[in-house]
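These notes concern the structure reproduced below.
Read-outs: derived from the displayed coordinates by stated rules, not from any lab. Model, not experiment: these values are computed from the prediction. Heads up, the Cβs are rebuilt from the backbone with ideal geometry, glycines too, and the neighbour counts pull from every protein chain shown.
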Protein chains: 2
Amino acid sequence: MASLGELERSVMSLLWDSAQPLSANEVCELLDEDLAVTTVLTVLARLEKKGMVRRERASRPHRYAAVASREEHTVEMLNEVLGTVPDREVVLARFIGSVSDSEAAALRRILG
Amino acid sequence: MASLGELERSVMSLLWDSAQPLSANEVCELLDEDLAVTTVLTVLARLEKKGMVRRERASRPHRYAAVASREEHTVEMLNEVLGTVPDREVVLARFIGSVSDSEAAALRRILG
DNA sequence: TGAAGTTTCTACACGCCGTAGAAGTGTGGC
DNA sequence: GCCACACTTCTACGGCGTGTAGAAACTTCA
């Protein structure tokens, strides 16, 4: 459900990296891709509709912020992928088997 | 890159569950959705083009099989998701924190 | 060789995404 | 209060992916 296009992803990335909510203009400049501001506004509106972005309508210009952190969102994506299979554990087992040694060590540490 | 539509996913699911390669007709019947066989053939051709399905052209009717197992494919998807983020570990940490106790136990067991 | 089964080719509709102009609306300065 | 300017909304278009399938071509077996 929360699959993003290329530009949408770029915009989310900026919002995730920003400590503050951003205006459409700021996003536009940060993108550094010579896009019309209306393009950015359209994308932001679509992201809002998808529930990924919250818009502060009080201030003018409106300011936009990510609803969930990058990590939260990514974990959601992982769970979405895992939701497509009948048995999560068997996939996780194989995934664990595919990660690097250092990552495996990190996972052991996290799991306590 | 390997994102699938609804019908494509259903077809893959059948191929994954089948011990044998299947013909378009067999897939069609197993789908139980009253689709034209040409529809199924189109989908199978697209899946082949995406590299998800191997077609045995020798036999007639052609037979189709999944290239990767469901688990392999899903792990690929997981890695794709993790590839969208600057730091995999931080996401994995959060993911681990979100799984059930029994799943965490299973992960510990797998990690040895 | 013809009928039945199979595959290929072509096509259409629909929804998503990148893209942005035109038109509408709010705001600060005069 | 009014105007220019900044900002937002509305509308739209083209391309691509996907579900869908008919028409035509091809294969095989009787």
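Summary for B:GLY83: label point 7 Å along Cα→Cβ; distances to the equivalent points in the other copies, ascending, 2.3 nm. What is segment A:6-66 by shape, rounded, prolate or oblate, if you read a ≥ b ≥ c off the alpha carbon gyration tensor as root eigenvalues and call it rounded for a/c under 1.5, prolate for a/b larger than b/c, and oblate otherwise? The shape class here is rounded.
Only Cα pairs under 8 Å and 6+ residues apart enter the sum, and on that basis the relative contact order of chain B stands at 22 percent. Sorted from shortest to longest, the distances between the A:SER69 label points of this copy and the other copies are 3.5 nm, with each point 7 Å from Cα along the line through the beta carbon. The residues packed around B:GLU89, meaning those with a beta-carbon under 12 Å from its beta-carbon, carry a net charge of 0 if Lys and Arg are +1 and Asp and Glu are -1. If you take the square roots of the eigenvalues of the alpha-carbon gyration tensor of chain B and sort them as a ≥ b ≥ c, do you get rounded (a/c under 1.5), prolate (a/b over b/c) or oblate? It comes out prolate by the Cα gyration axes. Counting Cβ atoms of other protein chains within 10 Å of each Cβ in A:79-89 and taking the mean gives 5. Shown is the FRET efficiency for B:ASN79 and A:ASP17, computed with R0 = 25 Å from the Cβ-Cβ distance and rounded to the nearest 0.05: 0.65.
An oblate overall shape is assigned to the protein assembly as shown, the ratio a/c of its alpha-carbon gyration tensor axes (a ≥ b ≥ c) being 1.5 or greater and a/b not exceeding b/c. Mean per-residue shielding of peptide A:62-71 is 2, counting Cβ atoms of other chains within 10 Å of each Cβ. Given +1 at the Cβ of Lys and Arg, -1 at the Cβ of Asp and Glu and no other charges, the dipole of chain A around its Cα centre is 460 debye to the nearest 20. For segment A:1-18 and segment B:6-27, what is the separation of their C-alpha centers, rounded to whole Å? Distance between centres, Cα-based: 34 Å.
How much mean residue ellipticity at 222 nm does chain B get from its helices, if each DSSP H run of length 4 or more adds -39500 (n - 2.57) and you divide by all residues, to the nearest 500 deg cm²/dmol? Spell out each step's value before the answer.
Details: 6 runs with 68 residues, N = 112.
Helix-only estimate at 222 nm: -18500 deg cm²/dmol.
One Cα centroid belongs to segment A:69-96, the other to segment B:65-112; the line between them spans 5 Å.
Simple point charges give the picture: +1 on the Cβ of Lys and Arg, -1 on the Cβ of Asp and Glu, and for segment A:6-66 a dipole about the Cα centre of about 520 debye. Averaged over the residues of B:96-108, the number of partner chain Cβ atoms lying within 10 Å of the residue Cβ comes to 4. With label points set 7 Å from Cα along Cα→Cβ, the inter-copy distances at B:GLU56 are 6.3 nm, sorted shortest first. Of the residues A:SER98, A:SER59, A:SER13, the one that moves most in a GNM of chain A with alpha-carbon contacts below 10 Å is A:SER98.
Dipole magnitude for segment A:70-111: computed about the Cα centre from +1 point charges on Lys and Arg Cβ and -1 point charges on Asp and Glu Cβ, it is near 160 debye.
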